[in-house]
1. Suppose the filter is surrounded by fewer than 16 Cβ atoms within 10 Å (Cβ to Cβ), without any contact (Cβ under 8 Å) to a residue 60 or more places away in the chain and either farther than 24 Å from residue 180 by Cα or touching a strand residue (DSSP E or B) at 6+ places or on another chain (Cβ under 8 Å) (or both); does residue 64 pass it?
2. Taking the options 91, 51, 98, 10, name whichever one is under 13 Å from the mean Cα position of the chain (by Cα) and buried (at least 24 other Cβ atoms within 10 Å of the Cβ).
3. Considering region 134-151 alone, what residues qualify as being out of contact with any helix residue (DSSP H, G or I) (no Cβ under 7 Å at 6 or more places or on another chain), over 19 Å from residue 124 (Cβ atoms) and surrounded by 15 or more Cβ atoms within 10 Å (Cβ to Cβ)?
4. Just the residues that are at pLDDT 95 or above and assigned to a strand (DSSP E or B), please, taken from region 55-78.
5. With (1) more than 20 Å from residue 8 (Cα to Cα); (2) in a helix (DSSP H, G or I); (3) in contact (Cβ under 8 Å) with a residue 60 or more places away in the chain as the list, and residue 126 as the residue in question, which single condition is left unmet?
6. Here are some residues: 100, 38. Which one is under 23 Å from residue 175 (Cα atoms), in contact with a strand residue (DSSP E or B) (Cβ under 8 Å, 6 or more places away or on another chain) and part of a strand (DSSP E or B)?
7. Given the structure, is residue 86 surrounded by fewer than 24 Cβ atoms within 10 Å (Cβ to Cβ) and on the phi > 0 side of the Ramachandran plot?
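The values are calculated or read from the model by the stated rules, or taken from the named source; none is laboratory data. A quick note: this is a predicted structure, and the numbers were derived from the prediction, not measured. Reconstructed Cβ throughout: ideal geometry from the backbone, glycine too, with neighbour counts over all protein chains shown.
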């Protein structure tokens, strides 16, 4: 199987992200075709990355080896997954943002009963994890050798056209165009531009 993205250096994590579009991720009876991803570097030049400030117990998976999942929790309830890429010792990972359920549709519907339609089943990083029934237990497991709960397989053909734009849901470097998606695919998540929190102005004493 052609895991070309594994061999790219961490400095080319954006290229790795592009190469992952169209790949299939299978776990627990459901297969999702990846339609939207986001690249994150850990070389000290990407303040949006969990590895920006260096190695920690939380982000250690991002430093390799490539082909493993980096899973973290958001809002205390949802999980997101990244595929690690690049050489060992230099953090880089690709966030799996959205996909199309191509196998196990009934199972996916049962796991996401609130989905408005089938296009919405995996149209977001947390939704994708829900339909695949993946959580923190998948952290630091392989997606390339069959030993983990999830397996990545190559697409029959690469996407015809790929678009790029700003990243979503980050407070730093959100305008870096490292979000990539398959052009025209209806399962791509809705883009919401980052809006800084408003800081209220203290009222003067006695006012």
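1. Taking the combined requirement at face value, the residue does not satisfy it.
2. Going through 91, 51, 98, 10 in turn, just one is under 13 Å from the mean Cα position of the chain (by Cα) and buried (at least 24 other Cβ atoms within 10 Å of the Cβ): 98.
3. Of everything in region 134-151, those that are out of contact with any helix residue (DSSP H, G or I) (no Cβ under 7 Å at 6 or more places or on another chain), over 19 Å from residue 124 (Cβ atoms) and surrounded by 15 or more Cβ atoms within 10 Å (Cβ to Cβ) turn out to be 141, 142, 143, 144, 151.
4. 68, 69, 70, 71, listed by residue number.
5. (3)
6. 38
7. Answer is no for this residue.
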